[in-house]
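**Q** I'd like to ask you about the structure that follows.
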Amino acid sequence: MSFDSLGLSDALLKAVSDQGYTTPTPIQLKAIPPILAGKDVLAGAQTGTGKTAGFSLPLLQRLMENVDIKLKPRKIRALVLVPTRELAAQVYESMATYGKYLPLQTQVIIGGASINTQTRLLRHGCDIVVATPGRLMDHIGQKNISLSNIEILVLDEADRMLDMGFLPEIRRIMAYLPKNRQSLLFSATMPGAIKTLAATILKLPVEVEIAKQNATADLVSECVYGIAKDNKRELLSYLIGSNNWQQVLVFVRTKHGADRLEKQLVKDGIRAASLHGDKTQGARTKALDYFKTGKVTALVATDIAARGLDIEELPHVVNYDLPQVAEDYIHRIGRTGRAGASGSALSLVCPEEAYLLEAIEKLLKRQIPRVSDTGYEPVSLKVIDAPKKNAPAKNSGKKDFRHNDKKTTPRSGRSVPKPANNNKPKKRIPARG
Ligand code: AMP
């Protein structure tokens with residue numbers, strides 16, 4: 001099926017074709033028609049499925065249906081709430097890309113950027129606001145913004161907004177929106193809290209489920225390396241170097257861990273950068289840009305910082321630490337194998353994380369294949385002592401002498417190779433849009 005059959009205007013079809021898209025993705029096929037028809041939509045779609053175009057294209061078209069291009073200043077008619085600054089930037093780019101032939105303006109309202117500049121831009125007026133909930137509430141509090149003309153509300157990555165504790169802000173923001181509006185909620189997972197939120201925000205929604213609930217992208221090949229904690233860094237450097245990987249996103253649990261691993265990788269001769277919440281917006285943008293353009297090979301990121309990153313054709317994701325929340329595994333894996341491209345996702349799992357692996361596999365309802373020959377002494381990933389819910393991991397951070405987690409030399413006696421000198425990407429990775 002082509003885009004032509006979806007009922008999109010010529011200006012949007014031309015923008016889509018400029019992007020080189022020929023076929024709508026499943027979420028676009030299912031979500032665009034009901035959104036164009038003015039219905040509320042509850043969509044289960046993870047990042048990488050083309051969901052942003054799935055809501056941006058019909059949203060732009062709906063706004064064009066009764067636009068007054070002479071109106072000055074413009075009134076805000078659509079609000080897109082997102083969990084992170086990076087995702088806000090990406091949604092903004094999508095609106096600009098798909099709306100390039102339309103006279104609609106978008107503004108971004110995010111924390112970590114000057115509130116005064118945002119206030120000035122808001123005074124000029126715009127049609128669409130893409131915002132993180134906290135900073136939007138600040139502007140509402142300072143009466144810098146009116147949401148009384150909102151016709152379309154989008155909650156993007158709603159599960160992540162709840163994980164990040166934005167529920168109170170979302171509820172408060174709802175009170176400022178007109179009751180008569182179209183609402184769209186996109187979420188990678190559909191836990192009970194999302195269904196409850198959807199019930200309060202959406203009216204008779206059309207439900208669109210694309211990836212099976214709790215499924216990871218089919219094109220991603222996954223595997224688990226059972227490895228002692230102390231050997232993880234060496235194995236990671238070896239994998240990057242020996243496979244001559246050009247672009248790998250590495251997930252760690254903490255900001256401190258991200259900084260530390262970045263330094264260690266650099267010592268191993270790998271060009272690395274890190275991305276986490278303690279970095280300034282400028283440093284984050286720079287790290288992401290270096291990663292996208294191939295100036296760095298490895299981007300070490302925490303879950304929150306990496307949420308929503310859209311890097312086209314990202315080939316490798318490594319879980320250096322397993323996530324504490326099993327659903328995050330699905331979000332992480334969604335970084336690769338995007339929109340039809342294939343990717344690999346490796347998890348370096350130490351015995352102390354066996355219970356986290358168990359929780360992930362329970363959620364996925366399948367076992368992730370194990371790599372039997374890691375080059376190191378095999379370790380057991382059998383769960384012996386899972387910490388109780390909400391309690392800190394009992395054996396985390398300590399040596400667990402029931403397992404073989406002492407530093408061992410690779411059986412093959414290999415040393416960590418330096419990446420090849422010609423470690424430049426063969427292909428420049430295009431920034432989105
Ligand atoms: P998203 O899930 O919205 O983050 O989109 C993931 C990626 O898919 C982005 O890089 C989009 O540019 C790309 N994309 C979106 N729609 C299509 C399409 N119909 N065909 C090919 N790529 C697409």
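The values are calculated or read from the model by the stated rules, or taken from the named source; none is laboratory data. None of the values given here were measured: they were computed from a predicted structure. Because the Cβ atoms are built from the backbone with ideal geometry, glycine has one as well, and the counts that use them run over all protein chains shown. Accessible surface is based on the protein model in full, side chains and every heavy atom, while ligands, DNA and RNA are left aside. Shrake-Rupley method; radii C 1.70, N 1.55, O 1.52, S 1.80 Å.
**Q** Roughly how many debye, to the nearest 20, is the charge dipole of segment 145-293 about its Cα centre, given +1 on each Lys and Arg Cβ, -1 on each Asp and Glu Cβ, and no other charges?
**A** My answer is approximately 420 debye.
**Q** Another question about this same structure. Note down the accessible area of residue 9, probe 1.4 Å, to the nearest 10 Å².
**A** Rounded to the nearest 10, that gives 40 Å².
**Q** Then there is this: I want to check the label-to-label distance for residue 281 and residue 175. Put each point 7 Å from Cα in the C-beta direction and report it in nm to one decimal.
**A** Taking the simple label geometry, residue 281 and residue 175 are separated by 2.7 nm.
**Q** Pop a pseudo-label 7 angstrom from the Cα along the beta-carbon direction at both residue 244 and residue 264 and give the gap in nm to one decimal.
**A** Label at residue 244, label at residue 264, 2.7 nm between them.
**Q** Which of the aspartates and glutamates could a cross-linker span from residue 263 if the Cα-Cα distance has to be under 17 Å and same-chain partners fewer than 8 positions apart are dropped?
**A** Qualifying aspartates and glutamates at Cα under 17 Å: 230, 234, 278, 321.
**Q** On to the next question. Pull up all non-local amide H partners of residue 208: gap of 5 or more, or a different chain, and H-to-H distance under 5 Å with H placed in the peptide plane.
**A** For residue 208, whose amide H was placed from the backbone, the distant partners under 5 Å are 42, 43, 44.
**Q** Could you list the residues of segment 96-132 with an amide nitrogen less than 11 Å from a label point located 7 Å from the Cα of residue 69 in the Cα-to-C-beta direction?
**A** 101-104
**Q** Between segment 29-60 and segment 66-85, what is the separation of their alpha carbon centroids in Å?
**A** Measuring centre to centre over Cα atoms gives 18 Å.
**Q** Would you calculate the separation in nanometres between label points at residue 146 and residue 22, each defined as 7 Å from the Cα along the Cα-to-beta-carbon direction?
**A** 4.8
**Q** Could you pull out every residue, at least 5 positions away or on a different chain, whose amide H is within less than 5 Å of the one on residue 301? Hs are placed 1.01 Å off N in the peptide plane, and Pro or chain starts have none.
**A** 250, 251, 252, 275
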